[in-house]
Structure formats: C-alpha cells, structure tokens
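Quick notes on the structure that follows.
The values are calculated or read from the model by the stated rules, or taken from the named source; none is laboratory data. Since this is a predicted model, take the numbers as computed values, not measurements. For neighbour counting, all protein chains shown are included, and Cβ atoms are generated from backbone atoms with ideal geometry for every residue, glycine included. Each accessible area value is taken on the protein alone, full model and side chains, heavy atoms only, with ligands, DNA and RNA left out. Shrake-Rupley method; radii C 1.70, N 1.55, O 1.52, S 1.80 Å.
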Amino acid sequence: MASHTTACRADNFVRWHLGRPFYAVWIVEADTAEMRAHISTMRRHLGDWLLPDYRRQPHITLAVCGFPQTYATDAHSYTEADFHRDIAGLQTSSPASLQLSTGAADSFTTAAYLGLKGDIEPLHAMRARLRAAETQPYVPHITAGFYRRRLPMNDVQQKLAALALPEISLEINTITLAVYASAEIAGGLFPVCRYHLHENKLQMVKSGYLPWRMPATA
C-alpha cells in the first residue's frame, strides 16, 4: 500500500480527452437516498481532505470504456462495434440479479470509498465480458470523493476506521452505460442505456451522447 495519498486537481485534462466531450463507463447505479446520506457523511467526516464539488452520483464502476467515437483513433476510443460486442458479452451468461451490501469505508491513493460485499464474483465475471480499458486490479466500490492533498495513508485509514456506517443492501437488476463530461473530474453521470439482466433486454435512455444511431429498445 502506498504511504501517502495522491493529490488530485480540478483540471480540463485536454491532453487526455483531446476535445472529445464525453467518456463512457459501464456502471451499477446506486443513487438511493440511503447511499447519498452515507456518502455525505463520509465527505463531512473527511472534510477539506477531499476536493470540493463532487457531483457524481453514487455508483459502482463495472468497466471503463472510452470516448464514444465513430471511428477508433487510439486506445481510448469506444466505437459502435465495441458497444455491440459488450452487449453480446452480457447476453451470453449474465446473472438475473445480484445481491450486494456496503462494507467498511476504505481508501485508494486517489479517493476515499465505501467497500462492498456479497455477489462480488458475478461482478468480476460481467466485467470480464465488457471492454474494460483499465488494467488495475478491480475492487468494486462506491467513491466518496478525490483527495485534494497529499496525506499520510495511516492517518487516512485511522480516520476512516472511526467511521461507523449502517449496512445498506442493494439488489442489482440492471447495469447502465453512462457518460460523464471528460473535462470535469467529478461531474455528474448521464445514463445512455440500461441493460436489464433478467430480461436480457436493452432500454435506451438518451442515445444522443453516442455518435451512432441506436434503436429505442434492443
């Protein structure tokens, strides 16, 4: 484990996004009143250790995709072919539902998060069928915020260990392809479509974030 957190900054990150406005991710939506209250409690507990103005809804990142593009230009591109490959992978053998619950508060070097337990292995299996662009070990979690300064990790872990939060249960029936504005480190998530696990059915929400035509349902 790293000895210190990494200070994040609010930036445009233009060298990364190169003018591409949105970045796509497969997520499990967890935006409930209970979960928002837990995340707010964590943020108050950590205070000015975190970057302000975190507006991303509670969610579990399942797989990072890339920038939606008509044609691939680099390894960060996400094309129509990639999307349809993802859907085909999900249709192969996705579970009908998953049962998860929140665990203890914990920390990466860049962010504080709420841990998860329960049907973790099915999450790993679904992720393996999606176009996961990142190579770091997968730890399912719900992010509370990014650090704004370099802090001793021991101090962070001690502070988080003092935070007792009641367990929240989550029944997962859908996964969502969402996008966020690539120029905002902590901006909101915008659903594009939802894949219903039990019905093996795709429901469109707002396909305008994608540069290709999508059916209303699939």
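Across the accessible surface of the chain, with the other protein chains kept in place and a 1.4 Å probe, carbon and sulfur atoms take up 52 percent.
Ranked from largest to smallest solvent-accessible area, with a 1.4 Å probe on the protein heavy atoms, TRP16, TRP49, TRP212, TRP26 come out as TRP16, TRP49, TRP212, TRP26. Accessible surface for region 1-115, divided over its residues, is 48 Å² per residue with a 1.4 Å probe.
Quick check: from the Cα gyration tensor, does the chain come out rounded (a/c under 1.5), prolate or oblate? Verdict is oblate for the chain. Spin-label model, ALA37 to TRP212: label points 7 Å out along the Cα-to-beta-carbon direction sit 4.3 nm apart.
Which of the trypsin sites (Lys or Arg not before Pro) found in region 48-134 are in a DSSP loop and have at most 13 neighbouring Cβ atoms, other than their own, within 10 Å?
ARG55
Charge tally around PHE146: other residues with Cβ under 14 Å, Lys/Arg +1 each, Asp/Glu -1 each, net +3.
Once C-alpha pairs closer than 8 Å and six or more residues apart are averaged by separation and normalised to the residue number of the chain, the relative contact order reads 31 percent.
Ranked from largest to smallest solvent-accessible area, with a 1.4 Å probe on the protein heavy atoms, TYR71, TYR78, TYR138 come out as TYR71, TYR138, TYR78. Rolled with a 1.4 Å probe across the full set of protein chains, the surface gives LEU123 an accessible area near 0 Å².
The mean accessible area for residues of region 130-218, using a 1.4 Å probe and ignoring ligands and nucleic acids, is 51 Å² per residue.
Each other residue within a Cβ distance under 14 Å of TRP49 adds +1 if Lys or Arg and -1 if Asp or Glu, for a net charge of +4.
For region 65-116, the relative contact order works out to 19 percent when only alpha carbon pairs closer than 8 Å and six or more residues apart are counted.
Grab the beta carbon distance between SER97 and ALA10, set R0 = 25 Å, and tell me the FRET efficiency rounded to 0.05.
0.10
In this simple spin-label model, placing a label point 7 Å from the Cα along the Cα-to-Cβ direction at both GLU184 and ASN200 gives a separation of 3.7 nm.
Converting phi to 3J(HN,Hα) with the Karplus coefficients 6.51, -1.76 and 1.60 and the offset θ = phi - 60°, region 35-51 yields 5, 4, 5, 4, 5, 4, 4, 4, 5, 5, 5, 8, x, 7, 5, 9, 4 Hz in sequence order, with x at every glycine or proline.
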